[in-house]
Amino acid sequence: MMSAALMPLLHPCVRSLPPLVLVANKVYRLHYRHHHVASRACVCVGQHEDFLIDALSLREHIQLLNRPLTNPAIVKIMHGSDDDVPWLQRDFPLYIVHLFDSKHAASLLGLGGLSLSWLVGEYCGVTVTADDKQRFQRADWRMRPLDADMIAYARSDTRYLPGLYRLLSRQLGPDRLRQVFEMGRKSCLRCWQAHQLPSNFMHDVNFRNGYVEYTREHSIEFSPLQRHVTLRLYQWRDQLARRLDEGIAYVCPKRVLCAAAHHLATTRAVLDPLIAEHLHRTSE
């Protein structure tokens, strides 16, 4: 039965559901919903029912889920585990053993689509609109309470996975099914590594791409002083993100950081208008 420590983690909408049996079942479905730049929000798990676990409350207890998630006797069903596996390690940490990824199965079968929405539409006859998908994927999953639409969308992430597992397993056959589990094993072996701040921001390929994009857009080259300010701002952003336990893009997106260095923003009077402009752009 579910540990009492995990009960507060359940969203109020599902606390009245039957107790979650952590080990007894042979199939366990899982999806992680988080804020697209700040991370950590909620985990949706299910066996016979869907449970939406509030990962912001009593975060230290969520590691109890490692008991079923690392049990090799239980199949864990996910879609797009290449991202979720390292994110779950990074944020809690949670680990996965014995994984079936429906995206891997779709790829091996050469199906017409790899997304979960395509598979659900093709095999389950359920349509997910592009607008809903984009809206919920970019939603702030840290907000509390979650509204009814967000709760329904989060729970739908796992609802169709057992059916897809059964249908795709039959279509794969024994040999290709073993290949999918082998692909899942390799995904589970991926380890998240903490971001190491390089001595020069140009050594960070993700930031370098943003820097190149910004300088091309404005047809400029940064002076040595501007590059020095960029490095100092880059270091400041990393330190602040670690202190706040937030994503670096949430603290200061690449565009704002480059704009601040471009204008040699060393005071709030210069920096605040740049942040306001960014907020205006993202709200449009």
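Quick note: the coordinates plus some simple rules give every number you see, no bench work behind them. Every value quoted in this text rests on a predicted model; they were computed, and no experiment measured them. Cβ: placed from backbone, ideal geometry, glycine included. Neighbour counts: every protein chain shown.
For this structure, a couple of remarks:
- Inter-label distance, nm, simple model (7 Å from Cα along the C-beta direction), THR215/ARG90: 2.6 nm
- Sorted peptide list for 184-191, 234-241, criterion being average Cβ within 10 angstrom, highest first: 234-241, 184-191
- Three-way shape call for the range 210-261 based on the alpha-carbon gyration tensor, with the a/c threshold at 1.5: oblate
- Among 121-129, 250-258, 164-172, 215-223, the order from most to least packed when residues are scored by Cβ within 10 Å on average: 250-258, 164-172, 121-129, 215-223
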